[in-house]
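Inspection log for the structure reproduced underneath, given as structure tokens.
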Amino acid sequence: MKDDLDRIMDVMDAAFDPAWAEAWNRRQVSDSLALPHTHYLLAGPDGEPLAEEGDAAGFALTRFAPGEEELLLIGVRPHLRGKGIGRALLARAFTEARGRGAERMFLEMRDNNPAASLYRSMGFEPIGRRKAYYRLPSGQFLDAITFGRDL
Ligand SMILES: CC(C)(COP(=O)(O)OP(=O)(O)OC[C@H]1O[C@@H](n2cnc3c(N)ncnc32)[C@H](O)[C@@H]1OP(=O)(O)O)[C@@H](O)C(=O)NCCC(=O)NCCS
């Protein structure tokens, strides 16, 4: 029987293009979830919180630190994109982060990730750039853009 780590990894494997080397492996996810301040959200096919059984359509991983929450990863299965699941996951992440006392949310993404439109439409603004922060499997370097948003 699948547990939530299996459900996250199923989406991870489907959602992230290996060309960008952004996906985490099972060990990275389980180690991070063993820490007290890392949290996950799972969504069903309509973006709703996932019921106990069944596969997830999407997930988000976040980490709380006093006053702020970081969005570590968000992914939605390719065939279920464009239906608002990513938006629903982010909205729930905002609510949960506020409940933990966070006043800001941050995230970092590679410069050319189309997910920037999702982040901007959800109120994030670019606040920083790290030059040549990511090294791709191809050997190419990409900047990291930091986005932030008040909660
Ligand atoms: C980013 C991601 C999670 C978005 O999930 P989603 O369920 O398709 O997002 P939504 O349907 O809620 O999209 C909301 C808005 O974001 C924008 N958007 C989302 N993905 C986009 C894309 N690939 N290209 C352009 N715009 C995009 C759109 O403006 C969309 O608004 P609209 O529906 O009014 O057009 C999904 O594309 C994904 O899993 N990508 C691969 C993993 C990844 O790169 N994650 C982010 C870095 S950790």
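The values are calculated or read from the model by the stated rules, or taken from the named source; none is laboratory data. The model shown is predicted, which means the values in this text are computed figures rather than measured ones. Note that we place each Cβ from the backbone using ideal geometry, even for glycine, and neighbour counts take in every protein chain shown. Calculation scope for accessible area: heavy atoms of the full protein, side chains included, ligands and nucleic acids excluded. Shrake-Rupley method; radii C 1.70, N 1.55, O 1.52, S 1.80 Å.
Take each peptide in 47-58, 63-74, count the other Cβ atoms within 10 Å of every residue, and average; sorted highest first, the result is 63-74, 47-58. Considering only beta bridges that DSSP places wholly inside the range 4-150, some 90 percent are antiparallel.
In the range 1-93 the Cα-Cα distances spread across 10 Å bins starting at 0 as 17, 51, 30, 2 percent of all pairs. For the chain, the relative contact order comes to 19 percent (Cα pairs under 8 Å, sequence separation of at least 6). For the pair ASN112 and ALA91, a Förster radius of 30 Å applied to the C-beta separation gives a FRET efficiency near 0.75, rounded to the nearest 0.05.
Measuring with a 1.4 angstrom probe and ignoring ligands and nucleic acids, LYS131 comes out at about 150 Å² accessible. Sequence-distant contacts, meaning Cα pairs under 8 Å at least 6 residues apart, place the relative contact order of the range 1-63 at 32 percent. What does the C-alpha gyration tensor say about the overall shape of the range 12-151? Classify as rounded when a/c is under 1.5, otherwise prolate if a/b is larger than b/c, or oblate. Here the range 12-151 falls in the rounded category. Calculated accessible area for the chain comes out at 54 Å² per residue, all protein chains present (probe 1.4 Å; ligands, DNA, RNA ignored).
Principal axis extents of the Cα atoms in the range 75-133, from largest to smallest and rounded to whole angstrom, are 34, 34, 17.
Carbon-plus-sulfur accessible fraction, the range 4-150 (probe radius 1.4 Å, protein heavy atoms only): 51%.
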